[in-house]
Every structure is written in structure tokens, then in C-alpha cells.
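Notes to accompany the following structure.
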Amino acid sequence: MNKNRSKEYDVIIIGGGATGAGTARDCAMRGLSVLLVERHDFATGATGRNHGLLHSGARYAVTDHESAAECIEENMILRKIANHCIEENNGLFLTLPEDDIAFQSQFVDACTSAGISTEIIDPKLALRMEPSANPDIIGAVKVPDGSVDPFRLTMSNALDAKLKGADILTQHEVVDILKDQDRVNGVELFDHAKKEKVKYYGKIVCNAAGIWGHNIARFAGVNINMFPAKGSLLIFGHRVNKMVLNRCRKPANADILVPGDTICLIGTTSERIPIEEIDNMYVSKDDVDVLIREGVKLSPSLATTRILRAYAGVRPLVAADDDPSGRSISRGIVLMDHKERDGLEGFITITGGKLMTYRLMAEEATDLICKKLDVDKKCETANIPLQGSEKSDETLNNVSQKVYSVNGITQKSAKDRHGSLAHKIAKGDENEDSMVCECEGVSIGEVKYAINELHVNNLIDLRRRTRVGMGTCQGELCACRAAGLLCESMEEPGKAKDDLANFLQERWKGMSPIAWGETINEIQFTSWIYEGIYGLKPDNN
Amino acid sequence: MKFDNIIIGGGLSGLTCGIKLAEQGKKCAIVSSGQSAIHFFSGSFDLLGKANGEEVTNPLESMKSLPENHPYKRVGLDKIERLTNDALHLLVRSGLNLNGQADRNHYTLTPMGVMKPTWLTLSDFTSFDQKDSFPWKKAVILNFSGFLDFHTLFIKDGLKKLDVQAQIKTVSMKQFEAIRKNPSEMRSTNIAKEFDKENAIEEFAQKANVLSDGFDVVILPAVFGLFNKTIADKLKEKIEKPVLLLPAIPPSVPGIRTQITLRERFQELGGTYLLGDNVEEGVFENGRLLEIRTNNHGDIKFEADQFILASGSFYSKGIVATHDKLYEPIFGLDIDGDSNREKWFDEKIFNDQAFMHYGVKTDQKFRALMNGEPVENLYVAGSVLGGANPLKEGSGAGISLLTSLHAAEQILK
């Protein structure tokens, strides 16, 4: 990576979520010199810990008109600029016998006024469109919901930013905000790989760290009144539904079932937690039970579908400045110019919002950065496709057929995961086609591409790039194969063994809350292989 | 159909018990649902590798410190030494070549390149007396090109800590071209099948001899001899340097061969081995199990004087967990384990997991309990028994072998 520590960047962006990566892309497209820093890996915070729902905005139509209107506008933009990250599945808002059918007309009216197209569907027809839905439904409304892969979306933004000259540092944690009197002029970072502190300087520092922005602001001596809200979700091992299923009622617990890739997921719960707990995202037994109970109401077959994992994320909710109690909390976008707010120049915070509005958040943040730097260039992110989604003369199928000699599952999977970038998965010889992960169809070639070009530092990063270990076996056999390949690119094989142990621990974190049935069988088998036969230990390998 | 004894489970325990009973003239049947833990066998049978967090040198001695509800303690330490001899002799009579002794652990090298204490090791593999010294100084690690299931760099790293210089080399074989073309076929068993045909071994040995020039030992993945029981020996004859085989990712080639060897022994003794069948239910009367019904045999009931449950742990489906309970799926026997699922786990995967200790409850004679009362003629053996974490202790094979011999002795009394 091209690191120039003596150079002063125009802007340093903190946070490798969708907002940070999107802001980095926007800034780079407007000709600014950009450094993006992230303490772990891309999409490790709230970005990677939600439904992956391409909201139509319908969910907010009744309660929050502004968010609903933002969502549908961004929804249509993402279909254009990020089509390889999106599945255009459409969604249904279902009314169950226990729900008030009168809400449906209120809902449809609110959608219409927010610009969201709706179609009331006869329940019988709705069941033909979506056979997995609860057969007892008394009402259904079709809306333009979809699915979005947040890992892929974030990575595409980061790759695009990099291509346009941005520098990117993952595994670099902000430990201080550097100031010269009342002006922020850089960041001090801890490099987790090298275990050392480094300083970088920039004219503007943009805090896009989501809920962790609370602490970032503290480093700058600024207080932002954040209220973390934890949401838990369950991932099922099969894709039972083809359309997004929602409950047609005011937003409540566990009322959205989203299909994505090979799985589907139900969520969320919502629980306010103390800021001290934001790095400790456990899913409780009660959370799991409520998710299953409500999920089965949307789609009864979930009762007999294997659950793969449970996970939780934190929404970065921000209270109005004149309300320290946090009672009037906004779910909208919050952009703070700390010059105006706190008299601190060179520091801005972009937070609140949703995955759906990341691009808009990035646009608003970049507009402010440009204004401060006196740069007069318009935002183009709504029109120019992301890396992997560009239209070209060749269809995606043509591109990926060049990649693989066999027209197999790896080919289709790679195309789905990397879009038009799939051609970068070099075809060396037939060895490159060999399957590393059989659940998700990941080839050696794809793993090598990810290691070489997609900022992969460890197996967990590799999972986010390629879905290695995300399938039914949760890394039982593929983890070791992938570790072997990653090991080749690491200087220290001992480190690769620790990495493998960490990977298994990370998988277990999501499995333990739902470890019964096949999951408990699987983890027992996995433990026997890695600990029993291989003699893998948790650390100091 | 009527048998003297019916064994539910065709893994190490079930086969051991079946062989022992059949050797004594009993008419036995084994009902096996399919694969078992032997299919990912490391090549060694452990007796006791760790006790109270300490590595064990003399398993027989260290057993004294185990908790009272441990299967070894319940069998009775006075019987254990004799049973370890019986187990070894039974395995040898069945045709397995094994090295090791119960009062002194030896070591084997794992695919992570670390030394692990164990009891009996198949002659395919190499036994070491010491954990911190390696008899060779320069090792060549050979792998087949395109084979992802053998982790040469991890082995090399482990050897470095043992002060051994290792170099990794790859071998291409035209015999593997066909399996390499299919992205998911380059796996241990398919390579082993090619070697089983005996038309690749000569060429491979020649290549290995060239590549091992200047080295003291050749390290290879254990992919030799799936159905062919002599190929591993032939390989060692043809390669001039000492050969050290290490396990690859399961399924284990020597494990499948071991399973076949034991199954053949059982069948040669007149045993009936019902593969791919599941016991659906049992008929009980006055505290006795009278007969069982299986999936494949429908109305044909199987009667026996005694039954042995050797159905394995969770992954073999000997015990089943749902979100609200644990149960034994065939007969609904009593389970020794917590019903609250929050108690089953530790959040750290490498810690001692409570669920690993769970199993079917038995009385002192290893007879299964049902609603608190023993079933007079239903014995329990192997990893479906609770009371130990065989993974943490390194006691899985020992518990299987010794409790199944113990159950057989109860029946033969």
C-alpha cells in the first residue's frame, strides 16, 4: 500500500463502514486526496450487522415520512450504481389475523405520499407469488424492497475510492485526534498488525465511525449525545422466501424476513444498551426466542429450518443537542460541523442514518468537506456505477465464462459476488478452479484474488470478501483449506494458526446462541477435527 | 428375527462389543446408520492424554485422579489394565497393526506439527518416545499438486519448533488429472482410490526418491490404502528414506480402512452387519427391552436377549438437542445433562464445553436408565455415555473400547 506519512491529506475519513467507504469514494471522485482508516476491517460495525435489506422505505412510511422518502430515492439509485450488490426481489407487507387490516390503507396512503409504489395483492395471489408466506394472511401489499449485500457494497466503494487515488488503512485504530489549538489537523493511529503508533495529517478529519464516533468525538474534546440501540438477527441455512416479507403494522420486533444469497434472515429486536457495551454484541436466549416466535408467523417453515447463526449490531442513534435525556431521538441523517457547533475547525461528524442512505450521507458529508476546502465540484455518485457494476459490452456471463474452464458453481458464485470484477479472478490452470469452500462455491482462484487485491488480513476478512465459511458447515473444512492458502501469503505460519483459531472462535460466537440440532452436532465435529486431530490451540500456536 | 445380542451403532464401540461377543459364540447383529467417528480417525487410539489440565505420561496411573462419575472409574480401575490388554489383543486379532502401551503414552505428530500423547498407533503412522525431540534433522514435506487438504506450511512451522529443517515440494501425477478437473474431487479418498489400483505407487515412489535426495525423512499425507491393505507398506518399501505419514482433512483414509477391517472381522465371526439402517423404536415389558423395529426392515422385528446402545454422541445423533431439551432419540432414555440450553456452552470455543460431558444415564452396571429405572438388558457403551469430555482428556477411543468390552463382559457373565 502506498503510504505517505509526510503527506498532508485533504481529508482523513474514520470508519470503514458503508458511510466511511462511500465518503472516501465521493471525496476521491471530487479530486480530493483521501485517507480512509478503519480499526478492524470493512463493514465490521453496523454496516455488516443488519438485515441487508434494500428498503423501499415502506417500513417508515407511516411513522417517518422523511426517512421513507430518502429510502425510496436511494433505493432507485442503488439499483443503478450497485446492481451487483443487489437482488431485486420485491417485498410484501403481510397482514396477519392478529393485525389490524385497517392499517393497510393508512400504510398505502403514506407510501404513496412518500413516492413508494404499492400494489394491494389478493392474499391468495400473494401466496402464489410467495409460497413460503403464512397461509393465514388476510392482506398483502407489494413494494419495491430488495436485498443488498453490505459487505460487497462497502468493498466496492472502497475499491473505487482506491482506484481513484485514496489510501486505505485497515487494522488501524484511532487512538487520538491531533489538534493545533482549535483546529483538528490529523489522527494518531495504532497499527494492530505492527503494534505501533503512527500519525497522519489532514486538513479535514471526517468522523464516520457510526456508534464508535461517540468515542472518536471525545478524542477531539467534543461531546455527541449518542444512544446505542442493539438489534439482534438470526440467519437461516436456507433461502425459504424469494421476496422480502414484512409485517404490515407499525415497526416492531422481528417483523422482517429478508432473503439474501443462499440464506434468509429474520430481525430485529431493538434494545437500548449502555455505550460501554457496544463492543460486546451477544445475543441473548430471549432475543433468539422472540425472533423465532415472530419469524414463524411470517413464514411457518422457519420453525423447521436450520438456524445458522445469531448476531447483533448497534444503530447509532443521536439525540438532539438540546435533549440530553435522549427522548427525542432521530433516525435520520445527522451531519455535524464542529466549527459551527463546538468552535473546532477541521472536524466533522456524519452519523445516524441507515445503510440505505449511506450514499446520501456520503454526499452530504463530502459537500461540507468541499465547502470547507473551497472545492467546487458536484457529486456524481448517484450516476456513476460502482466497481463491479459498470455496464460493458460483455454480459456478466461472458465475462465470467472466460474466468473458469468449467461452467460450474464456482463460476456463478464468483459472478454473483464480484460482478464484472469476476474477470480479475485469474485463470491459471485447473488447480485454480479447485473448490476451497463447498457450501458457498469458493475456488482457489477467488481466494487468491481476494488475498491479493481486496485488503485481506485474516480469515475473517476473507469470509467477508468471498463467503468462505458462511455456509451450512460454518467453516468446518474450508477454514483449514483457506488458512493454508492465506498462510502462503503470510510471513509467519504460526500467526496463520492463531488466525485459524480466531476464525473458529468468531464462527462459534454466532453459533453458540442457537447451538442445538445440527449446529451442536456440527460444532462437536469441528472441535474434534481441529482440536482433537489437528491439535489446534487457542493461541501461541 | 432373533439374535443373542443386538448392538445399536457401528462405530468403534459397537464393533468392539460385537467382535468380543461374536468371538464368544454369540449370535450378534449390529445396526449402523452409516459413518462414525472412525471415519475421521487420526490413526491413534487415545486412552488418557490429559488429566487436570496436565499432560499424562502414564494413563493407568493418572486415571486415579479422575472424577468418580468418569466412565473409567465406573468400570473400575482394578479392571482397566486387563481391559486395555484385551482391547489391544482384540484389535490385533482383527488384523490391525498397532504400537503402544497403556502404562506409558507415546507421541504422534499432528498436522499442525505438534506432538500429541496417545496410547495405540496404527503402524502406518510413526510413534515417538519423546515429545520434544525428533529423530531426523532435515525433512522434505511432499504434497500432491492441487490437494488442499494437507497443510504443509503448518507442519513446517511445527517442525521448526522441534529444531527440524523442512522443505515443501509438490508432486504432479497424471493419474490424478481426472479427479483434479472436478473442483470438489481432489480429496483424500479419491487419491487413495488411485493408489489402491497399484499403478501409481511405483511412479510416485520414484518421484519421491528423487525429491528426497539430501533429506533424512519424507513426510506425506496419509492417503494410502483405502480398501487395499498392503499399499501403505509397499510405499514404505519403495521409498528409500523413512516415511512419516500425517493425517489430512477427513474423511481419514486409514480410518475408513480400520472401520472396514473391524467390520470384516465381525462378519467373519458370523455377525450380521446392517448398514444404513436406523432403529426406530423398542418394545419394552417389565423393565426389559424385548425387540426393536428398524427403518429398513419395517414389520420385521429384531429380538435379542441383550441390547447394547453404542449410538455415539451428538454428531452421531446418539443424543439430540432442541431449543428446549436434550433427549435420547431411539428409546427416550434418561439424559445426564442440563435442560437449560444456556448451561450447555462456554462462549470460548476452546474451553471445556458442558455439552461434551452429556450422555445417557446408566446404573453401576452400565444399564440404561429410563424414567429413573434401569432397563434390565440394555447396556450403554462408548461416547453416548456421559461423564467425561473425551476431547479435552484425549480419552475418546479408550472410553469406546473399554466400556464396550466391559458391557460385553457383563453380558457374557
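The values are calculated or read from the model by the stated rules, or taken from the named source; none is laboratory data. Here the structure is a predicted model, which means the values were calculated and not measured. Counting neighbours? That spans all protein chains shown, and the Cβs are built from the backbone with ideal geometry, glycine included. We work out accessible area using only protein heavy atoms, side chains counted, and drop any ligands, DNA or RNA first. Shrake-Rupley method; radii C 1.70, N 1.55, O 1.52, S 1.80 Å.
Things worth noting here:
- Size of charge dipole - chain A - debye, nearest 20, with Cβ of Lys, Arg +1 and Asp, Glu -1, no other charges: 420
- Debye intensity ratio in log₁₀ form over the Cα atoms of the range B:202-316, taken at each q of 0.12, 0.19, 0.20 Å⁻¹: -0.66, -1.08, -1.14
- Farthest toward the positive end of the dipole of chain A, out of A:Gly441, A:Val290, A:Ser527, is the Cα of A:Gly441, where the dipole comes from beta carbon charges about the Cα centre.
- Accessible surface of A:His172 - all protein chains present, 1.4 Å probe, nearest 10 Å²: 10
- Rounded, prolate or oblate (a/c below 1.5 giving rounded, otherwise prolate when a/b exceeds b/c) for the range A:60-102 by Cα gyration tensor: oblate
- Each stretch of four or more DSSP H residues adds -39500 (n - 2.57); spread over every residue of chain B, this sum gives -8500 deg cm²/dmol at 222 nm.
- A:Ile138 accessible area, 1.4 Å probe, all protein chains in place, Å² to nearest 10: 80
- Global geometry of the range B:1-53, whether rounded, prolate or oblate, following the gyration tensor of its Cα atoms and the 1.5 cut on a/c: prolate
- Of B:Lys137/B:Lys236; A:Lys497/B:Lys181; A:Lys497/B:Lys343; A:Lys448/B:Lys197, those spanning more than 23 Å from alpha-carbon to alpha-carbon: A:Lys497/B:Lys181; A:Lys497/B:Lys343; A:Lys448/B:Lys197
- Expressed to the nearest 5 percent, the antiparallel share of DSSP beta bridges inside the protein assembly as shown is 60 percent.
- Greater than 30 Å apart at Cα, pairs in A:Lys199/B:Lys348; A:Lys415/B:Lys160; B:Lys50/B:Lys348; B:Lys2/B:Lys365: A:Lys199/B:Lys348; A:Lys415/B:Lys160
- DSSP-loop GluC sites (Glu not before Pro) across the range A:461-496, with at most 14 other Cβ within 10 angstrom: A:Glu491
- Relative contact order for chain B, counting Cα pairs under 8 Å that sit 6 or more residues apart, in percent: 23
- Estimated purely from DSSP H runs of n ≥ 4, each contributing -39500 (n - 2.57), the mean residue ellipticity at 222 nm for chain A is -10500 deg cm²/dmol once divided by its residues.
- Shape of the protein assembly as shown, Cα gyration tensor, a/c cut at 1.5: prolate
- Averaging over all projection directions, the Cα-based convex hull of chain A occupies 24.8 nm² in the image plane.
- Within chain A, percent of DSSP bridges classed antiparallel, to nearest 5: 75
- Qualifying chymotrypsin sites (Phe, Trp or Tyr not before Pro) in the range B:345-413, where qualification requires a DSSP coil assignment and no more than 12 other C-beta atoms within 10 Å, are lacking entirely.
- Accessible surface of B:Ser383 - all protein chains present, 1.4 Å probe, nearest 10 Å²: 50
- Measuring gaps between exposed loop sites in chain B (GluC sites (Glu not before Pro); DSSP loop; at most 12 other Cβ atoms within 10 Å), the longest gap, sites not included, is B:69-197.
- Contact order for the range B:137-241, expressed relative to its length and based on alpha carbon pairs under 8 Å spaced 6+ residues apart, stands at 33 percent.
- All-pairs alpha carbon distance profile, chain B, 10 Å steps from 0, percent: 5, 22, 29, 25, 14, 5, 0, 0
- All lysines inside 25 Å of A:Lys197 as judged from Cα atoms, apart from same-chain residues fewer than 8 positions distant: A:Lys3, A:Lys7, A:Lys162, A:Lys179, A:Lys495
- In order along the range B:26-38, phi translates into HN-Hα couplings of 7, 8, 10, 10, 10, 9, 10, 7, x, 5, 9, 4, 5 Hz, rounded to whole numbers, per the Karplus curve 6.51 cos²θ - 1.76 cosθ + 1.60 with θ = phi - 60° and x for Gly and Pro.
- Surface/4 of the Cα convex hull for the range B:137-241, nm²: 6.3
- Loop-resident sites, the range B:58-148, for trypsin sites (Lys or Arg not before Pro), counting at most 15 other Cβ within 10 Å (DSSP): B:Lys137
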